[in-house]
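So the structure is just underneath, and the comments pick up after that.
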Amino acid sequence: MENRLMPVVPLRSISVLPGMILNFDVVRPGGVAAIEAAMKGDRIALLVTQKNPTVDKPEAGDLYRIGTVTLIKQVIKMPGNSVRVIAEGKQRGELISLDVSEECYYGTVDVKEEQEEQIPESKALAMHRLLHEKLEAYVAANPMLNKDLARQLLADKPLGMLLAQTVVQVPMTTGQHQILLEADTLDERFDALISILSSETEVSQIKKSINDKVKTKVDKSQRDYILREQIKSIREELGETDTNPDADEYSKKAEELDAPQEVKERIAKEIARFKSIYGSSAEAAVARGYIETLLALPWNKADEEICDLKKAEEILNRDHYGLNKVKDRILEFLAVRALTDKGDSPIICLVGPPGTGKTSIAKSVAEALEKKYVRICLGGVRDEAEIRGHRRTYVGALPGRIIAGLKDAGVKNPLMLLDEIDKMSRDYKGDTGSAMLEVLDAEQNSHFVDHYVEIPVDLSEVMFICTANTTETIPRPLIDRMEIIEVNSYTLNEKMHIAKEHLFAKQLSHNGLTADNLEISEEALKLIITGYTREAGVRGLERKLGEIARKAAKKILENGGDRSLKLNVTEDNLTDYLGVVKYLPDEAKSESCVGVARGLAWTSAGGDTLSVEVGVMPGKGTFEITGNLGDVMKESAKTGISFIRSVSVGYGIAEDFFEKHDLHIHIPEGAVPKDGPSAGITMATAMLSAVTGSKVRGNVAMTGEITLRGRVLPVGGLKEKILAAKTAGIDTVLIPSKNRKDIEELDEEVTSGISVRYVSDMKEVLAEALEN
């Protein structure tokens, strides 16, 4: 025995025995400091268990007397100033004294050297047999014990080895470990271990007895269920009252149901099964809900088709201004219906910015065709069961939204609006986009199978109209099954017409006013559109008109509710209703500048203009890009600078210019994310202007993707981009030559006042954009 001064680590709810390797976390500062002190020395520390694990700062009296002198093998730092320790117990140690100075535990420890005890052979044999018997009983009472561990414990080995392995490997509580740790002699340790094994075996046997009693009770419940079923069968043989009185009503409805023969057979089978189920059971409720769903579906019930093209066209023109492509497609569908018994129902997807009338046009189409209208919002749907339904084995199972929509419509040929189809997502519950493939495939949806209904349902006569803000987030296989019709941004003239012919009258009605109470001049209406809203659609415009109408209603009431009072809103008094002008015109710079070029951008909310600024400064050839740009836009900038360096000789740029100067590209409004390749030629023009000192014309804006060879590739969103250029006062725009056909399709109203120059490579861009 020897007394040594060493770090002491108090442990909560665990004990370490000699020969045991374990890992544990140390969180308290005192314990962490003791571990660190041990690692700085010989890696030896005393691990001792607390008597009360809730004590946060234990003193000597809070710790057991006997602990384990342990070798710290590895220490891993964890978040929160804690450490994870891997340690191996070596010897027992008695804590003589404890010092808690400076938040680090040190103690004087009496390290106990284990002496080999001489035991008579007969006693050792008896002890070995008794321990082996106790281990066999313990393993038999714990069938869930690890088989490898059980096999290792029951293997034939000397008494000392068997005793040591049993102490270390048999699962025990902290208190039991401490009892074994405090046993000084082999006899004491043996007696304690036998007592622990006997106690644990007895507890396991009692637990098994309790489980057997519970199982007997469960078996009795199953026996009672069988007996009830037998009693029910006997009552049916005697002709007594049916346990499910609703079954007769369901049978009557099934006979009257207009459905295919196989559907009626399935319903009859379910009703027969429903009759045999005990009335108050959970299974009866599931069967009842399933039968009611099958009876409520419109299997063969359909609305009569109308083919009045003139009436349909009047309704579409009455409710919406513009949208000619959509209207033409609907009228084409009606024409096909008129010439055929049953044409294929189209699957139309209206794609465009918010507020352009995509959702509302579906209502008008339903009215024009005299079809039932069902709206299904798919925004945020991420569970496949929302589309295909839940299987009936699940508690609270329901059919999917498509079947629920048919059930609500009451006919098999309604108009079904799938709103926000681009907002669907996917997670571990399934891919909703893949589930929609069968719904929107004309070759498959005549036999659409919902997981809840389990019977093929014909969706081929449903007219689907989908809406989306962008096609980028819609899976390609799904896009392939739809007709994409773009609903573009409205021009100023279109917004004026929509406001005068639709929105203003609607807001007057909503706010209890008439045309005799409120009038808005054309100049005021134009200022509302340009100065108080900045959008592709008209939703914000409608809100502003509603705000004016509310303030007018308030003024009428303040004047005693005089209905004869007429208020005129003009450009001069508009601020009294809407406050100061929110958006000032984004005027283009009239003067030419070096290193500043104007680009055209498309966003989901419409078109916009953006300035590209380039600064050149002495440096070491670094290239900086700022403005919250996406990866594609950054790559376009790198492509542009590579092109400029490849043609630098032709523009009189010194060979070592890019080695001695730094370039910094910045696109203002740095908080707004920007991405896409269409600003490629704009960034290249601004960079070349900054490098050569040539000025960029202030009245020119451009869009197009650039290649390493200087070719200009086509881009999209041209209508929105040209409208943005007109709003900014720009009179010349540079468009890729391959986009000529797209410009020719635009209305003259969009392109009037704009000089469109077509470019195919950077030489043509620079000739148009730079001053000579």
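Semi-axes of the equivalent ellipsoid of the range 597-728 are 25, 15, 13 Å, computed as sqrt(5λ) over the eigenvalues of the C-alpha gyration tensor in descending order. Just round it to a whole percent: the fraction of Cα-Cα distances in the range 26-93 exceeding 15 Å. When all Cα pairs of the range 26-93 are counted, 55 percent exceed 15 Å. Multiplying the residue separation of S233 and E669 by 0.36 nm and removing their Cα-Cα distance gives an extension gain of 149.1 nm. For the range 187-195, the Karplus equation 6.51 cos²θ - 1.76 cosθ + 1.60, evaluated at θ = phi - 60°, returns couplings of 4, 4, 5, 5, 4, 5, 5, 4, 4 Hz by residue, with Gly and Pro reported as x.
Using a probe radius of 1.4 angstrom, the carbon and sulfur fraction of the accessible surface of the chain is 50%. Computed from the C-beta positions of V632 and K506, the FRET efficiency with R₀ = 45 Å rounds to 0.65.
Across the chain, the relative contact order, built from alpha-carbon pairs under 8 Å that are at least six residues apart, equals 7 percent. The charge dipole of the range 540-581, taken about its Cα centre with unit charges on the Cβ atoms of Lys, Arg (+1), Asp and Glu (-1) only, comes to about 200 debye. When the listed pairs K495/K738; K310/K371; K40/K77; K741/K763; K90/K123 are checked against a 20 Å cut-off, the alpha-carbon distance exceeds it for K495/K738; K741/K763; K90/K123. In angstrom, the C-alpha Rg and Dmax of the range 487-550 are 11.2, 34. With the simple model of a label 7 Å out from the Cα in the direction of the Cβ, R318 to R563 spans 2.5 nm. One chain, two ends: E136 and R382. Fully extended at 0.36 nm per residue, the span grows by 83.2 nm beyond their Cα-Cα distance. Add +1 for every Lys or Arg and -1 for every Asp or Glu among the other residues with Cβ under 15 Å from the Cβ of H177, and state the total. Net of charged neighbours comes to +2. Considering only A515, G615, T570, and ranking their Cα positions along the charge dipole of the range 501-624 that arises from unit charges at the beta-carbon of Lys, Arg, Asp and Glu, the one farthest toward the positive end is A515. Calculated from the alpha-carbon coordinates, the range 13-138 shows an Rg and a Dmax of 17.6, 56 Å respectively.
For the range 311-368, count all C-alpha to C-alpha pairs, find those more than 14 Å apart, and express that count as a whole percent of the total. The proportion of pairs with Cα distances above 14 Å equals 55 percent. Quick check on the range 470-577: take the gyration tensor over C-alpha atoms, sort the square-rooted eigenvalues as a ≥ b ≥ c, and tell me if it's rounded (a/c under 1.5), prolate or oblate. Here the range 470-577 falls in the prolate category. Probing with 1.4 Å while keeping every protein chain in the model, the per residue accessible area of the chain equals 52 Å². Between the residues H497, L417, C466, the greatest Cα displacement towards the positive end of the dipole of the range 404-515, with unit charges on the Cβ of Lys, Arg, Asp and Glu, is found for H497. Site pair D110 and S434 shows an inter-label distance of 7.0 nm when each label is modelled 7 Å from Cα along Cα→Cβ.
Each Cα pair under 8 Å and six or more residues apart adds its separation to the average, and for the range 253-407 the resulting relative contact order is 21 percent.
Only the Cβ atoms of Lys and Arg (+1) and of Asp and Glu (-1) were treated as charged; on that basis the dipole of the chain about its Cα centre amounts to roughly 320 debye. 3J(HN,Hα) along the range 486-498, derived from phi through the Karplus expression 6.51 cos²θ - 1.76 cosθ + 1.60 where θ = phi - 60°, amounts to 7, 9, 7, 5, 8, 6, 4, 5, 5, 5, 4, 4, 4 Hz, with x in place of Gly and Pro. Dimensions of the chain based on its C-alpha atoms, expressed as ranges along the principal axes with the largest first, amount to 115, 101, 65 Å.
DSSP beta bridges fully contained in the chain are about 60 percent antiparallel. The separation of the range 388-422 from the range 1-74, counted between C-alpha centres, amounts to 63 Å.
Along the axis of the charge dipole computed for the chain (Cβ charges of +1 for Lys and Arg, -1 for Asp and Glu, origin at the Cα centre), the listed residues L11, T340, L688 are led at the positive end by L11. Each Lys and Arg contributes +1 and each Asp and Glu -1, all at the Cβ; summed about the Cα centre of the range 280-349, the dipole is approximately 140 debye.
The values are calculated or read from the model by the stated rules, or taken from the named source; none is laboratory data. As the structure is a prediction and not an experimental result, all values here were calculated from the model. With ideal geometry, Cβ positions are generated from the backbone for all residues, glycine too; neighbour counts draw on all protein chains shown. Remember, those area values only see protein heavy atoms, side chains included, never the ligands or the DNA or RNA. Shrake-Rupley method; radii C 1.70, N 1.55, O 1.52, S 1.80 Å.
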